[in-house]
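Worksheet: one structure, shown below.
The values are calculated or read from the model by the stated rules, or taken from the named source; none is laboratory data. Remember, predicted model here, so these are calculated numbers, not experimental data. With ideal geometry, Cβ positions are generated from the backbone for all residues, glycine too; neighbour counts draw on all protein chains shown. For the accessible areas, the whole protein counts, side chains as well, though only heavy atoms, and no ligand, DNA or RNA atoms are used. Shrake-Rupley method; radii C 1.70, N 1.55, O 1.52, S 1.80 Å.
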Amino acid sequence: MYVSPIREPLIRGNKDYSQVTKDILAPMAGTPSKYWYMGIALALSAALFGAWATYVTLFTGIGSWGLNKTIGWGWDITNFVWWVGIGHAGTFISAILLLFRQRWRTSINRSAEAMTLIAIACAGFFPLIHMGRLALAFFIFPYPNTRALWVNFNSPLLWDVFAISTYFAVSLIFWYVGLIPDIGTVRDKATTKIKKAIYGFLSFGWTGSAKHWSRHETVSLILAGLAAPLVLSVHTIVSFDFATSVIPGWHTTIFPPYFVSGAVFSGFAMVLTLLIVTRKALNLEQYITVNHIESMNKIIILTGSIVGIAYLTEFFIAWYSGNEYEMFTFVNRAFGPYAWAYWIMMTCNVITPQLFWFKKIRRNIVLTFIISIFVNIGMWFERFVIVVSSLHRDYLPSSWSMYTPSVVEVGLFVGTLGLFFTLFLLFIRVFPVIAIAEVKSVLKTSGENKNHSEHE
Amino acid sequence: MNKYITAYYLDEEKLLKGLKQVKTKGVRVADVLSPFPVHGIDKVLGLRRSRLTRVAFAGGAIGAIVGFGFQTWVFTSAYPINFGGKPFFAAPSFIPVTFETTVLFAAFSMVIAFFVVSKLGPGNKPVIHDERVTDDRFLVIVDIPENSSKEEINEIEKALHDAGAEGINYKA
């Protein structure tokens, strides 16, 4: 394949195939560093806080939250939508960027997909606990029962059940099918008998046969084709939860594209946050280069600008529609008691990503890390603004209300953050964080050594 | 187990060149084990294009019919309920679930078919010819007919050697 000589190499350093294997497997070998132990201790304590909050919620009920009659959706749904959004980057990277033949994805798709799976698991937790009676959560699935009753297929909440469980299942097999050849590598490089047996079991007996590779490539391509519209469908359906209601501020037709671009925006921000630390901690700077970070920043600026335009469009339509209730909701959002949340959202999501127009900032790792944190915060506030500020002042001023989360709700959110980082830290010890086979397949055309030998 | 010869290359371009060369000498290459997919090898080995795409299509079609059909059955005959005056057969609102079941069935049927036809599965113990196959070696496996003479085997080994293969190993 021809690669322009002015293109930056995707893999730095003069590497051969066995060096690639060695570098990527290195973080899995030996005992973890003391930073890893510190990280997992912190993450586990956060998860423990969440476990306590879950216990309180289940044994005393949703009354332990700060919700009231006016504001029935609070941090729970905010966190749900935020986590689902974060779960959009992995499959976007591995499916849509595969179809667009973006070869820079090979260094980041594995960890981004793992992050997606963990984020979806965190997301799924919130609607379940929001039901209050976790033991009856299976009611959301259509199963034959003695009442001969089925679920409501007209409801977007039910569509959500299907969308998210399908998304999780398909992302999981997509990730695992891609992982199988690399597990084979781990098996063959394993030094102890137990490791060999475990990875041998997990590798499904992979040998790297030409026939298997040919099928593997077909399967990956078709799965990408199936997952691409799936990624777009998930947040579309999440946005239907709001858009099909009749609440001013929720009942808007631009929600699906606006939510999807917001999801990709926040997903890439979280990938950047994680990978900037991971590449440093695991010495993978030659694989996840500044070039990769710049490419992700370009996607952030695109999706961030779409989100910005969506905010302005919403406001414009609130005025242009002549609907006084819609207009009231938006003026209240920007200048009412929750104005601080609205302006945090505007600053973090609309203004900060625009800094990426400067190449210097786009390629600056420290600034990128800071901006990615801003985007994570901004996107959380976007969901908070949509959920809470639309509800808290409805048609009847006597029922206007304010909402403050209780410590239990904070615990649930911190708990999912803890779970997220715990599982990610375990993942980097158990599986290779970079798709070894995929990196090797682009090494010749996009590695540094190739570019030198050909163009000097 | 049949008799066979293994030999390896350390570079995929040399591998492809070598395979083409030995093919002209009538050597039958049974399989090539490689650390990553080598493009163009399907042609040299005469592999057919995978038909797993058809499985995916069939699975997707079944998923669509099951998804749409089930919702229709529930709302028109099993337990029709009036939701906000919507018609019982509210086709547009069946679409999201139909889409999800289509994707789910297509993806799972294809991946399961991939494992079945490739004989891959948890706990499967393959013959590992060379542990560096998943690292940096491209291993060529040449099947040898049952009643080959010593000379014929030598000839194959020589052809592989001339084509730049290393570590030529005869296994009976």
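Only one of (1) surrounded by fewer than 18 Cβ atoms within 10 Å (Cβ to Cβ); (2) out of contact with any Leu (no Cβ under 7 Å at 6 or more places or on another chain) is not met by A:Leu134, so which one is it?
Here A:Leu134 meets the rest and fails (2).
So is A:Trp206 more than 30 Å from A:Val264 (Cβ to Cβ), facing chain B (nearest Cβ under 10 Å) and touching a helix residue (DSSP H, G or I) at 6+ places or on another chain (Cβ under 9 Å) or not?
yes
In this structure, does A:Glu314 turn out to be crowded, with 18+ Cβ neighbours inside 10 Å, at pLDDT 90 or above, closer than 24 Å to A:Leu417 by Cα and not hydroxyl-bearing (Ser, Thr, Tyr)?
Numbers: crowded, with 18+ Cβ neighbours inside 10 Å: yes; at pLDDT 90 or above: yes; closer than 24 Å to A:Leu417 by Cα: no; not hydroxyl-bearing (Ser, Thr, Tyr): yes.
For A:Glu314, the condition - crowded, with 18+ Cβ neighbours inside 10 Å, at pLDDT 90 or above, closer than 24 Å to A:Leu417 by Cα and not hydroxyl-bearing (Ser, Thr, Tyr) - is not met.
Test A:Arg279 against the stated conditions and say whether it is in contact with a Gly (Cβ under 9 Å, 6 or more places away or on another chain) and part of a helix (DSSP H, G or I).
Details: in contact with a Gly (Cβ under 9 Å, 6 or more places away or on another chain): no; part of a helix (DSSP H, G or I): yes.
For A:Arg279, the condition - in contact with a Gly (Cβ under 9 Å, 6 or more places away or on another chain) and part of a helix (DSSP H, G or I) - is not met.
Answer yes or no: is there a residue in the range A:223-242 that is open to solvent by 50 Å² or more (accessible area, probe 1.4 Å), among the aromatic types (Phe, Trp, Tyr) and touching an Asp or Glu at 6+ places or on another chain (Cβ under 9 Å).
yes
Considering only the range B:95-116, I want to know if a residue exists there that is open to solvent by 40 Å² or more (accessible area, probe 1.4 Å) and over 31 Å from the mean Cα position of the chain (by Cα).
There is at least one residue in the range B:95-116 that is open to solvent by 40 Å² or more (accessible area, probe 1.4 Å) and over 31 Å from the mean Cα position of the chain (by Cα).
Can you name the condition, by its number, that A:Phe242 falls short on among (1) facing another protein chain (nearest Cβ under 9 Å); (2) of a type in the set (Phe, Trp, Tyr); (3) touching a residue at least 24 places away in the same chain (Cβ under 8 Å)?
Exception for A:Phe242: condition (1).
Can you tell me which residue in the range B:1-34 is farthest from the chain's Cα centre (by Cα), limited to those that are exposed (fewer than 14 other Cβ atoms within 10 Å of the Cβ) and either within 11 Å of another protein chain (Cβ to nearest Cβ) or part of a loop (DSSP other than H, G, I, E, B) (or both)?
B:Lys25
Conditions first: (1) at the interface with chain B (Cβ under 9 Å from one of its Cβ atoms); (2) closer than 30 Å to A:Lys440 by Cα; (3) without any contact (Cβ under 8 Å) to a residue 24 or more places away in the chain. A:Tyr199 passes all but one, so which condition is the exception?
The number of the failed condition is (1).
Just checking, does the range A:189-199 include any residue being under 30 Å from B:Pro80 (Cβ atoms) and in contact with a Lys or Arg (Cβ under 8 Å, 6 or more places away or on another chain)?
no
Taking the range A:175-189 only, how many residues are open to solvent by 20 Å² or more (accessible area, probe 1.4 Å) and either within 8 Å of chain B (Cβ to nearest Cβ) or not in a helix (DSSP H, G or I) (or both)?
Looking only at that region, the number is 1.
Is it fair to say A:Val307 is of a type in the set (A, V, I, L, M), at pLDDT below 90 and surrounded by 14 or more Cβ atoms within 10 Å (Cβ to Cβ)?
no
Report, by residue number, each residue of the range B:46-76 that is under 30 Å from A:Lys444 (Cα atoms) and surrounded by fewer than 18 Cβ atoms within 10 Å (Cβ to Cβ).
B:Gly46, B:Leu47, B:Arg48, B:Arg49, B:Arg51, B:Thr53
Only one of A:Phe125, A:Phe153, A:Phe139 is within 14 Å of chain B (Cβ to nearest Cβ) and either part of a loop (DSSP other than H, G, I, E, B) or open to solvent by 20 Å² or more (accessible area, probe 1.4 Å) (or both); which?
Exactly one of A:Phe125, A:Phe153, A:Phe139 is within 14 Å of chain B (Cβ to nearest Cβ) and either part of a loop (DSSP other than H, G, I, E, B) or open to solvent by 20 Å² or more (accessible area, probe 1.4 Å) (or both), namely A:Phe153.
Tally time: how many residues in the range A:243-253 are open to solvent by 30 Å² or more (accessible area, probe 1.4 Å), touching a helix residue (DSSP H, G or I) at 6+ places or on another chain (Cβ under 6 Å) and not polar (S, T, N, Q)?
Summing the residues that are open to solvent by 30 Å² or more (accessible area, probe 1.4 Å), touching a helix residue (DSSP H, G or I) at 6+ places or on another chain (Cβ under 6 Å) and not polar (S, T, N, Q) in the range A:243-253 gives 1.
Take the residues of the range A:317-328 that are of a type outside the set (Asp, Glu) and part of a helix (DSSP H, G or I): which is least open to solvent (accessible area, probe 1.4 Å)?
In this case the residue turns out to be A:Ala318.
Looking at the range A:385-429, which of its residues are in a loop (DSSP other than H, G, I, E, B) and hydroxyl-bearing (Ser, Thr, Tyr)?
Once the filter is applied, which keeps residues that are in a loop (DSSP other than H, G, I, E, B) and hydroxyl-bearing (Ser, Thr, Tyr), the range A:385-429 yields A:Tyr395, A:Ser401, A:Tyr403, A:Thr404, A:Ser406.
Before we move on, is A:Ser220 surrounded by 18 or more Cβ atoms within 10 Å (Cβ to Cβ), in contact (Cβ under 8 Å) with a residue 40 or more places away in the chain and small (Gly, Ala, Ser)?
Yes; evaluated as a whole, the condition is true for this residue.
For A:Ser171, state whether it is closer than 25 Å to A:Phe255 by Cβ and more than 7 Å from every other protein chain (Cβ to nearest Cβ). Outline the logic, then answer.
Details: closer than 25 Å to A:Phe255 by Cβ: yes; more than 7 Å from every other protein chain (Cβ to nearest Cβ): yes.
Criteria met by A:Ser171.
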